[in-house]
Amino acid sequence: MRRPIITLLTDFGTQDHYVATMKGVILGINPQCTLIDITHEVTPHKIEEGAFVLANAYSYFPKGTIHLAVVDPGVGSGRKPILLVTRDHFFVGPDNGLLTLAVQKERVREGIGITNETFFLSQISTTFHGRDVFAPVAAHLSLGIRPSLLGQKLDSWVTLDFEEPGIIGGDLVGQVVHIDAFGNLVSNIRESQLLQFSQGRPCMIKTGGKGITGLKKGYWEGKKGALMAVIGSGGLLEISVREGSARKALKLKRGAKIKVIVR
């Protein structure tokens, strides 16, 4: 029997003790867990960013993986801790929309509002539910407890409204939804949408007052220091600079518009 896997995604960073403490709680309950860090460098309190990263990582893990995600500016408030169970995965986190994009790709079979304190730590801080609630719940799940034991069935949960690209004035218009560690500006325009829109015709991508002609097959095709457009590993249009940073070159932030123009 393979060891259970729990992934962790947070905005805690690695400078402090928070991540290690969560791992200690999990291993104290189930020492046989394999713990995998997706990232702990989500921009603090940026739920949408955490949702994007989780959605791009979770599906590459084996069936039965438990995904523990904590980007939780409402910690200690009335927001619920939840468990969403899909065909292949378990998602544990706050009911604040963090799980939106991941479960859009799956069919949720069971939603649970986590209320059974039997599976929490004995003392619950109002500021660190990652340690006191989410970590022990994920650990108990890895031991094989039935999700229904954790609390009450949910028929709905908080979802975030992520804007979709659209046709405006004859152009395909999207926006920057993520900026990675290399400074690549990742848009919400999927490759399939771009191909359907362009129909094989030459296109120009405009953003930040700059125009980029056509797509490169990969970063290697770009000139060093020059802007280029590529389809990234997640199947999304992105603006990049070979051996540089598109974020710094264009001084753009998440939410900036990206326009595709067909000539």
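The values are calculated or read from the model by the stated rules, or taken from the named source; none is laboratory data. As the structure is a computational prediction, the values presented were derived from the model and not from experiment. Here Cβ is always computed from backbone atoms with ideal geometry, including for glycine, and neighbour counts include all displayed protein chains.
Condition check for F119 on (1) surrounded by 13 or more Cβ atoms within 10 Å (Cβ to Cβ); (2) within 28 Å of E164 (Cβ to Cβ): one failure, at (2). Can you pull out the residues in segment 1-23 that are in contact with a His (Cβ under 7 Å, 6 or more places away or on another chain) and part of a helix (DSSP H, G or I)? Passing the criteria: only V19. Just one of the listed residues (V103, V108) is in a loop (DSSP other than H, G, I, E, B), within 20 Å of the chain's Cα centre (by Cα) and over 30 Å from K206 (Cα atoms), namely V108.
Considering (1) among the small types (G, A, S); (2) in contact (Cβ under 8 Å) with a residue 60 or more places away in the chain; (3) over 14 Å from F128 (Cα atoms), the lone condition that S59 does not fulfil carries the number (2).
The sole residue among T21, T34, T65 that is surrounded by fewer than 23 Cβ atoms within 10 Å (Cβ to Cβ), more than 25 Å from G151 (Cα to Cα) and β-branched (V, I, T) is T34.
Regarding G113, is this residue surrounded by fewer than 21 Cβ atoms within 10 Å (Cβ to Cβ) and among the small types (G, A, S)? The answer is yes for G113.
A search for C-beta distances below 7 Å between a residue of segment 237-263 that is at positive phi and any residue that is surrounded by fewer than 16 Cβ atoms within 10 Å (Cβ to Cβ) and not in a strand (DSSP E or B), counting only pairs 6+ apart in sequence or on different chains, returns E243/G225. Residue check: L252 meets all listed conditions (1) outside any strand (DSSP E or B); (2) more than 25 Å from the chain's Cα centre (by Cα); (3) of a type in the set (A, V, I, L, M, F, W, C) but one, namely (2). Checking each residue in segment 111-149 for being of a type in the set (F, W, Y), part of a loop (DSSP other than H, G, I, E, B) and either over 18 Å from H45 (Cβ atoms) or touching a Lys or Arg at 6+ places or on another chain (Cβ under 8 Å) (or both) picks out only F120. Answer yes if at least one residue in segment 56-79 is modelled with pLDDT under 95 and of a type in the set (K, R), and no otherwise. The answer is yes; a qualifying residue exists.
Listed by position, the strands (runs of 3 or more DSSP E) contained in segment 158-199 that have at least 1 residues being closer than 15 Å to S240 by Cβ are 171-179, 185-190.
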